[in-house]
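In what follows, a single structure is set out as structure tokens and then discussed.
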Amino acid sequence: MQAELEQIETEALTELKVVNDLRELESLRIKYFGRKGQLTTVMRGMRKLSKEERPIVGKLANEVRTNITAAFDRVTETLNQRAREQQLAAEAVDITLPGRRPRIGKKHPITQTFDRIQEIFRGMGFQVAEGPEIEHEYYNFDALNTPAEHPARDLHDTFYIANELVLRTHTSPVQVRVMEKQKPPVRIIVPGKVYRLDYDISHTPMFHQVEGLLVDHQVTFSELKGVLYSFARQMFGEMTRVRFRPGFFPFTEPSAEIDISCTVCGGKGCRTCSRTGWLEILGAGSVHPNVFRYVNYDPEQITGFAFGMGVDRIAMLRFGITDLRLIFENDMRFAQQF
Ligand code: DAH
């Protein structure tokens, strides 16, 4: 039995030297320490030994077990260490790789156009006001002297989103909201998004406008002309000519549609201006007395003018963009060009 124990020890220690991984180690553990393992079997056999033999063999058996166990622990530690190193090597990050360059954004041409328009009007003493895109019919229509049966209220143009609530079809309702809260003088512009049920090559359901309103004692139509001339020349260049044509809007009387000389051909006539030499960019007029009545201004005391322009059209002219749809695709290759 002693010889057997010694042999087990020698064998076990030899085998442990060539173990490659934790799985092999586990089968060795079973081979020696398992329920039917070699060492277990020998230890169990000790019951049959005589009283004299038992302590001697027992001592040896314990030594053998301690030695083998210690060897197992060393190998386990080595294998674990190796596994950790492999994992670290596999998960290593190459810190010498160059980083990803952050992509620098560009202001969208619409934003740039808004910025420029605001800059020009700030220079003429206007302040910037804003209002909600979900608007009450009252502000979008009624208080702008646009009664219920007016064609502009037709479902073909307006997104109704709930009873008496619409997506604003223009920035004009902000005129009313501001005048309700503020006594004259009022001198504001209103940049913003507006919505109409319209979709083709030159119309999108959402587009952008800038509204203007100047109200005070004794404001005249010639001041409107002066402001718009100045705007057109700053926006499109000193050579720009401006033309007023009679127009109609419910909330202004008289009303005008305002053209600038074509920015592409300078007025000679080309495709952009449909050979007319002129481009329509604005609606404007003297504020209708009824609008003043809605906000409790006295139309006998107070006069003013208002105007509204389409920003998308102006951006297209300014940057030579020929397809309106490009403006809304948010393609960086497009935005990067301006
Ligand atoms: N709100 C008009 C539109 O969307 C534009 C407009 C015309 C605004 C005349 C005005 C104005 O303030 O006086 O077509």
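Values computed for the structure shown
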{"read-out": "In Hz, Karplus ³J(HN,Hα) per residue of the range 240-247 (6.51, -1.76, 1.60; θ = phi - 60°; x = Gly, Pro)", "value": "5, 9, 10, 10, 9, 10, x, x"}
{"read-out": "Distant-in-sequence amide H partners of residue 267 (H built 1.01 Å from N, under 5 Å)", "value": "262"}
{"read-out": "The range 143-268 - percent relative contact order, Cα under 8 Å, separation 6 or more", "value": "18 percent"}
{"read-out": "Span from the the range 121-150 Cα centroid across to the the range 209-262 one, whole angstrom", "value": "17 Å"}
{"read-out": "Under 23 Å from residue 107, Cα to Cα: lysines that are on another chain or at least 8 residues apart", "value": "193"}
{"read-out": "Percent RCO, i.e. relative contact order, over the chain, from Cα pairs under 8 Å lying at least 6 residues apart", "value": "15 percent"}
{"read-out": "The range 1-55 shape via C-alpha gyration tensor axes, a/c threshold 1.5", "value": "oblate"}
{"read-out": "Residue-averaged [θ]222 nm for the chain, counting only DSSP H segments that reach four residues, each worth -39500 (n - 2.57)", "value": "-12500 deg cm²/dmol"}
{"read-out": "Under 18 Å from residue 17, Cα to Cα: lysines that are on another chain or at least 8 residues apart", "value": "31"}
{"read-out": "Interchain or long-range residues, amide H under 5 Å from residue 302's placed H", "value": "none"}
{"read-out": "Long-range HN-HN contacts of residue 169 with modeled amide H, under 5 Å", "value": "195"}
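Rule-based calculations on the coordinates, nothing more; no lab input. Please read these numbers as outputs of a predicted model, since none were measured by experiment.
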